[in-house]
Structure formats: C-alpha cells, structure tokens
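Values in this text are rule-based calculations from the coordinates and carry no lab data. Since the model is a prediction, treat every value here as computed from it, not as a measurement. No Cβ is skipped: glycine too gets one built from the backbone with ideal geometry, and neighbour counts run over all protein chains shown.
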Amino acid sequence: MKRFKTQQAFFALIMMLAVSVFLFTGCGSSDEAALLTAAPDSVIPGECTEAGPQVIASAPFSGAENVPIGTVITATFNEAMDPTTIEVTNPENPEVLTFTLRDLQDIANTEGTVAMSAANAIATFTPTQALHGDSWYRVTITTYAKNAGGTSLGCSYVWEFKTVAP
C-alpha cells in the first residue's frame, strides 16, 4: 500500500511539472513582434487593416542576396495610388518620407527619385548613385502613402536585401 501511495505521489508530481511547463512556456512577453517573423513580400507585424491599399509585390524581394548595385527598387500596390503621397522628400514636411532606401551599414538614407507607373500602381525608386557592394539595405514605404481615394496603408511596408560583393 505504501508503494502505491509513493507511485501516486510521484505521478502527481510529474503531472504538475508537465502542466507547469506547458503553462509557463505559453506565457511570456506580450510583444507580438518578437513572436512573428515577416515572410518575403509581407508587412512587418503591426496594426494593419484589411481595408485600404496594400503592397502586393516588391523587387528585389525580401531577403534577396547578391542584388546588383545598379538595381532599381519597385513596390507594386493592389490599387491605384496618389502619386503625390509617394515621394522621397516632402516639401511641406521634410521629416515625412514615404519611400526610403536605407543602407544599414552607413545607417543613412540613399538619395534617389520615385516614379509611378501610368496606372499609379507601381512605385519605382531609382538611386542617384550605385548602391554599395556587400551591404544590407532596408526599404520602407510608410503609412503616408495613400491611394487615389486618400486611404493610407494600414502599416508601413518594410523589406531588406543585400547587394552583391564587389
């Protein structure tokens, strides 16, 4: 009988330990961004909405490596955009940038121009100089980008790529 009670106590201890591990591993930081990883051509997790314009494709794609240093960067939207809201500079508010290309080694924005397609659905960023070789770049299209009806992106669209080594 004593052996049976010892086995019961041991079994109960093991069950409590298993339940504790299950509960504690499910708890943790409330920072959802740490739990989610953006897949290629997706937005970084944030307060995005289903309504409104979305970036549906980008080139170079997120995570691309060995990208030529003379490349242009494109973002394709799911609807016509207001071209006056997709720019690298904003004369009315210089701190508000819509389309940026940042060299992550120099931590500086790359100068360039943005042109829209005839249907205003593709934005093309052309750097004024060749990109640095063997460098990671981050492209951001912010929520200041709006569609033809004035609706903003639900959240900033961000992706990164690496240029070819010299």
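Taking 41 Å as R0, compute the FRET efficiency from the Cβ-Cβ separation of residue 78 and residue 106 and round it to 0.05. Don't jump to the answer; show the numbers that get you there.
On the way: r = 33 Å, r/R0 = 0.79.
Plugging the Cβ-Cβ distance into 1/(1 + (r/R0)^6) gives 0.80.
Hey, got the dipole for the stretch 46-166? About the Cα centre, +1 on K and R Cβ, -1 on D and E Cβ, debye to the nearest 20?
180
For residue 87, which sequence-distant residues (separation of 5 or more, or a different chain) have an amide H within less than 5 Å of its own amide H, given hydrogens modelled in the peptide plane?
98, 99
Once you place label points 7 Å from the Cα toward the Cβ at residue 152 and residue 164, how far apart are they in nm?
3.9
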